[in-house]
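Peer 1: Would you mind keeping the following structure in view while I ask a few things?
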Amino acid sequence: MAMARFRVLAVAALAGSIFSLPTTANAQQTTFHLDRLEVPGGPDDGLVLFRPVTNERAIIFGQLAIGYSLNPLHTSTITSDRGTLLRSPSGVVQHQLTTYGTFGFQLADRLTAAVTLPITPWQSGHSPDYGATGITGSAATTAVDTSGPSISDARIDFRYVAWRTADRKGAIGLQLSLFAPSGGGSRSNFGGDGAFAALPMITGEYTLKFITFVANTGVHFRPYNAINDPFHNAGVGVGNEWRWAVGAFIPLKNGKHRIGGTVFGQTGIDSSPIIGDTFFTGRNTPVEWNAEWRMKLGGLERWWIGAGGGSRIAKGYGAPDLRVLVLAGTYLPITDSDAISPDPRRATKLDRDSMRDTDHDGIPDEIDPCPTDPEDHQEPDPNDGCPKLPDRDGDGVPDKYDHCPDEPGPGTADGCPKKNVDTDQDGIVDAQDACPREPGQPNPDPKKHGCPQFIKLEGSQVRILQQVHFQTGSAVILADSFPMLQEIVNLLKANPSIKKMMIEGHTDSDGGDAYNLGLSTARAASVKSWLVQHGIEAKRLDSTGYGERKPIADNNTVPGRAANRRVEFKITEEDNPPK
């Protein structure tokens, strides 16, 4: 409840800030923020597209992108005077190199907050030559600086996944980006807008088979700015704008690589004496296309690199003849998910205990059945830890240590047989039970007598002989899996020493990486919920999803993909596990 109230207050405060934004430019502002690319910066975002996707764990992330634009501002975009065009180079800003640094975090599998600061260390170009006299002379125009460096307006993003499907194939996000005039001295060379601005936006995506479609749309509330000859309506002015972007992504090689394409653009939605008409005018309607590639790196795939490029479709301001971009980023969980290391002093004591050898026969007491009698290294077993001592019942435990010297008790520490002991409480005593820890049914085959039908306990893993079946693309468990899951319940009830069991969900490589991760997580959680509903304490169970990250077979074959769509059960904490 406290987190919910915090989110409501935060959103209300940020939304209110929109109405407090100034609607006129600073008196010293002579240009505006030229670059039309807003690099998102999140671990799953595109080069252009913001995606309503978050990591299930709380994380911090960072990304650095470097972009180059060729002719982002043509002379013909800001003046139509034929003489000026003949006298001037084709580009006012001809080359622009910009870095985009992003730092942020994600919380509660819903919220993303980040800050991005674009910096242009180098740009070059030429101001138009308007002639020396007349009303088109330099006195009637706005002076601009076409050289760098410059610092653009910092963008502060608040993003929230408002809705998503249970299988995480579809999602809708709400976003508010605030722009702070961090450019300072860059107001005359296209570094920033010179005042606060805001961009509320809606983001959405849906994965169809293996293609993820994404769309962004919003209104950018900007201060009014104009450059060049306002007396002849021969300049370019900016104000409030409608922005949009659509694209798609395709995963490759089990999601390690991703390719995608985007078309994005904007148009002005204002008209005033300061900026003129901007609604779908050529100079105020830049449109670009972009193709991109991204690759995950590292054993845990917490690093990524990417590259992309594109060019203008419509020659509005800021749409370059060529745009290229490269980036690299990483993320880290905020909370440590690794096992806690034991106290070093206790660990040292345990190591000493495990290495104690009272009879000095080279076999530690921990595994020596005769810890005070040195091994004689004679047949029948020269390394059993015991000298050749009398053993009347032939169970391998010398009479000196055998509490039942006349009753064979093979495999027991005291040498006594287990009489009438039924560890798994299935009605079959351990002496006759082929699976003494796993509740099962009678079977004429001695190797299967007392064993469950669908599961098998193998060390710290419960191997299931029949997979958990779900509805296609869903976390809903099919009824034919209930008997197998009931055997898991029986196993846990019969073995209270099992303190923790991890339920892991896995998928094949079909579908998007984020979709597969979400689906596997939802399916593992659904199995956990079923076990809890049937009598297992929730604190004894954990669940997680790995998506397609841990295949056990070839995803390029039908049987391989079927094998990779699985749920695994692993014992992660147990009191005195059997050796």
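Peer 1: Criterion first (over 30 Å from THR165 (Cα atoms), in contact with a strand residue (DSSP E or B) (Cβ under 9 Å, 6 or more places away or on another chain) and open to solvent by 70 Å² or more (accessible area, probe 1.4 Å)) does GLN453 satisfy it?
Peer 2: So GLN453 passes the test.
Peer 1: Could you please give the count of residues in the range 504-538 that are touching a residue at least 12 places away in the same chain (Cβ under 8 Å) and under 14 Å from ALA475 (Cα atoms)? Even if it seems obvious, please write down each step before you answer.
Peer 2: Of the range 504-538, the ones touching a residue at least 12 places away in the same chain (Cβ under 8 Å) are 504-528, 530-531, 534-536.
Narrowing further to those that are under 14 Å from ALA475 (Cα atoms): 504-507, 515-528, 530.
Number satisfying all stated conditions: 19.
Peer 1: Then there is this: Would you point out which residue out of VAL115, VAL161 is in contact with a strand residue (DSSP E or B) (Cβ under 6 Å, 6 or more places away or on another chain), open to solvent by less than 60 Å² (accessible area, probe 1.4 Å) and either of a type outside the set (A, V, I, L, M, F, W, C) or modelled with pLDDT of 80 or more (or both)? Walk me through it before giving the result.
Peer 2: Numbers: VAL115 fails: open to solvent by less than 60 Å² (accessible area, probe 1.4 Å).
So the residue among VAL115, VAL161 that is in contact with a strand residue (DSSP E or B) (Cβ under 6 Å, 6 or more places away or on another chain), open to solvent by less than 60 Å² (accessible area, probe 1.4 Å) and either of a type outside the set (A, V, I, L, M, F, W, C) or modelled with pLDDT of 80 or more (or both) is VAL161.
For (1) touching a Gly at 6+ places or on another chain (Cβ under 6 Å); (2) closer than 30 Å to TRP304 by Cα, each residue gets a yes or a no:
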{"position": "GLY204", "(1), (2)": "no, yes"}
{"position": "ILE211", "(1), (2)": "no, yes"}
{"position": "VAL214", "(1), (2)": "yes, yes"}
{"position": "VAL238", "(1), (2)": "no, no"}
{"position": "TRP244", "(1), (2)": "no, yes"}
{"position": "ILE250", "(1), (2)": "no, yes"}
{"position": "ASN254", "(1), (2)": "no, yes"}
{"position": "PHE264", "(1), (2)": "no, yes"}
{"position": "THR267", "(1), (2)": "no, no"}
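Peer 1: State which residue pairs qualify: first residue in contact (Cβ under 8 Å) with a residue 12 or more places away in the chain and part of a helix (DSSP H, G or I) and inside the range 550-565, second residue among the β-branched types (Val, Ile, Thr) and open to solvent by less than 100 Å² (accessible area, probe 1.4 Å) in any location, beta carbons under 8 Å apart, and separation of 6 or more residues or different chains.
Peer 2: Hits for this filter: ASN564/THR507.
Peer 1: Please tell me if ARG463 is assigned to a strand (DSSP E or B) and at pLDDT below 90.
Peer 2: Numbers: assigned to a strand (DSSP E or B): yes; at pLDDT below 90: yes.
Taking the combined requirement at face value, the residue satisfies it.
Peer 1: Specify which of the listed residues (GLN96, GLN29) is open to solvent by less than 30 Å² (accessible area, probe 1.4 Å), modelled with pLDDT under 75 and not in a helix (DSSP H, G or I).
Peer 2: From the options GLN96, GLN29, the qualifying one is GLN29.
Peer 1: Within the range 519-531, does at least one residue satisfy the condition of being of a type in the set (S, T, N, Q) and over 26 Å from THR212 (Cβ atoms)? It would help to see each step written out before you state the result.
Peer 2: Applying the first criterion (of a type in the set (S, T, N, Q)) to the range 519-531 yields 520-521, 526, 529.
So of that shortlist, the ones also over 26 Å from THR212 (Cβ atoms) come out as 529.
Yes: one or more hits.
Peer 1: If you don't mind, another one. Considering each of SER80, SER76, SER69 in turn, give the residue that is buried (at least 16 other Cβ atoms within 10 Å of the Cβ), outside any strand (DSSP E or B) and in contact (Cβ under 8 Å) with a residue 60 or more places away in the chain.
Peer 2: Values: SER80 fails: buried (at least 16 other Cβ atoms within 10 Å of the Cβ); SER69 fails: outside any strand (DSSP E or B).
Within the list SER80, SER76, SER69, the selection yields SER76.
Peer 1: Considering the range 541-558 alone, what residues qualify as being in contact with a strand residue (DSSP E or B) (Cβ under 9 Å, 6 or more places away or on another chain) and surrounded by fewer than 16 Cβ atoms within 10 Å (Cβ to Cβ)? Steps first, answer last, please.
Peer 2: The initial filter retains those residues of the range 541-558 that are in contact with a strand residue (DSSP E or B) (Cβ under 9 Å, 6 or more places away or on another chain), namely 541-552.
Listed by number, the residues that qualify are LYS550, ILE552.
Peer 1: Quickly run through the range 130-158 and pick out the residues that are at pLDDT below 75 and among the acidic types (Asp, Glu).
Peer 2: Across the range 130-158, the qualifying residue is only ASP145.
Peer 1: Can you tell me which residues in the range 503-528 are within 17 Å of the chain's Cα centre (by Cα) and assigned to a helix (DSSP H, G or I)?
Peer 2: Passing the criteria: ASP513, ALA514, TYR515, ASN516, LEU517, GLY518, LEU519, SER520, THR521, ALA522.
Peer 1: When you scan the range 302-324, do you find a residue that is at pLDDT below 95, within 30 Å of ARG57 (Cβ to Cβ), surrounded by fewer than 19 Cβ atoms within 10 Å (Cβ to Cβ) and of a type outside the set (Gly, Ala, Ser), even just one?
Peer 2: Scanning the range 302-324, I find at least one residue that is at pLDDT below 95, within 30 Å of ARG57 (Cβ to Cβ), surrounded by fewer than 19 Cβ atoms within 10 Å (Cβ to Cβ) and of a type outside the set (Gly, Ala, Ser), so the answer is yes.
Peer 1: In the range 493-502, what residues are aliphatic (A, V, I, L, M) and surrounded by fewer than 23 Cβ atoms within 10 Å (Cβ to Cβ)?
Peer 2: First, the residues of the range 493-502 that are aliphatic (A, V, I, L, M): 494, 498, 501-502.
Hits for the range 493-502 are ALA494, ILE498, MET502.
The values are calculated or read from the model by the stated rules, or taken from the named source; none is laboratory data. Note that the structure is predicted; figures quoted are calculated from it, not measured. Counting neighbours? That spans all protein chains shown, and the Cβs are built from the backbone with ideal geometry, glycine included. What goes into the accessible areas is simple: the full protein's heavy atoms, side chains included, and nothing from ligands, DNA or RNA. Shrake-Rupley method; radii C 1.70, N 1.55, O 1.52, S 1.80 Å.
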